[in-house]
1. So, in the stretch A:57-83, how many residues would count as being farther than 27 Å from B:Gln80 by Cβ, free of Cβ contacts under 8 Å to residues at least 40 places away in the same chain and among the hydrophobic types (A, V, I, L, M, F, W, C)?
2. Which members of the stretch B:1-40 meet the condition of being buried (at least 17 other Cβ atoms within 10 Å of the Cβ), more than 8 Å from chain A (Cβ to nearest Cβ) and of a type in the set (A, V, I, L, M)?
3. Going through the stretch A:9-24 one residue at a time, which ones are in contact (Cβ under 8 Å) with a residue 24 or more places away in the chain and part of a helix (DSSP H, G or I)?
4. Filter the stretch B:41-77 down to the residues that are among the polar types (S, T, N, Q), surrounded by fewer than 14 Cβ atoms within 10 Å (Cβ to Cβ) and within 11 Å of chain A (Cβ to nearest Cβ) and list them by number.
Number of protein chains: 2
Amino acid sequence: MGDVYQALADPTRRKILDELTERDGQTLFEICARLATRHQITSSRQAISQHLDVLAAAGLVVARRQGRYKFHHLDTRPLQSIAERWLRPEPRQENPHEDQPDQRPGG
Amino acid sequence: MGDVYQALADPTRRKILDELTERDGQTLFEICARLATRHQITSSRQAISQHLDVLAAAGLVVARRQGRYKFHHLDTRPLQSIAERWLRPEPRQENPHEDQPDQRPGG
DNA sequence: ACTATAGGCAAGTGGCGGCTTGCCTGTCGA
DNA sequence: TCGACAGGCAAGCCGCCACTTGCCTATAGT
């Protein structure tokens, strides 16, 4: 299982997710064409294919083979846990700055 | 302004965010010590400092100088827009797979 | 059977990111 | 004032990642 955060790090991969959000279940060539015409991304087909591999490894894209076509579907479930990792509103501990923060005041 | 996604790509930087979530307003040395003892991260002080620079450039960390100390505070606002980018529950368009997806069926 | 299409595998390359190292600035305490 | 401490600047190294290139497999159409 790949790293979801690393998969999101590349701007081209995010554009792919945007594209699949607008129109789910696209083929590789379809994604290439739409990235080129709508986002000025002129990467080769292989580059996009490798990006899709990374997204699939991260669980963000699920591929479905059908004949000679391979349709790519978005799966947003890995994204749900991301923001919650730091956005959980538990009142977190504060650091007593004004004391003497000698590296670790309280051990 | 740096890239929030790229800032989250590095696992050490995510650990720093975890650390600041638990205890906000830590100094550089304090973060180094806690990363070493609690997360087995033995990177040098400079490495952590550069990580904090990246996080600050992405707006995820705000530094506050006070005397010879520099306290780092978490700012989760840049995170809120991340998940919503693809998690907005608008019913997105489906691709008519079973037709003839000749790259782009509808031009 | 032949061709065009959709996609895959693998090797090679260039640039960027993470890390270290060395040295410097600035602040507080005794 | 002097030394310990917190942090900063800059150069250099190295591995990874994105991308290309070349060739291959497989399905669909005629």
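1. Result for the stretch A:57-83: 1.
2. Listed by number, the residues that qualify are B:Val4, B:Ala7, B:Ile16, B:Leu20, B:Leu28, B:Ile31, B:Leu35.
3. Of everything in the stretch A:9-24, those that are in contact (Cβ under 8 Å) with a residue 24 or more places away in the chain and part of a helix (DSSP H, G or I) turn out to be A:Thr12, A:Arg13, A:Lys15, A:Ile16, A:Leu17, A:Leu20, A:Thr21.
4. B:Gln66
No value in this document is a laboratory result; all are computed from the given coordinates. Computed from a prediction, not measured in an experiment: that's the story for all the values here. FYI the Cβ positions are ideal-geometry reconstructions off the backbone, even for glycines, and counts take in every protein chain you see.
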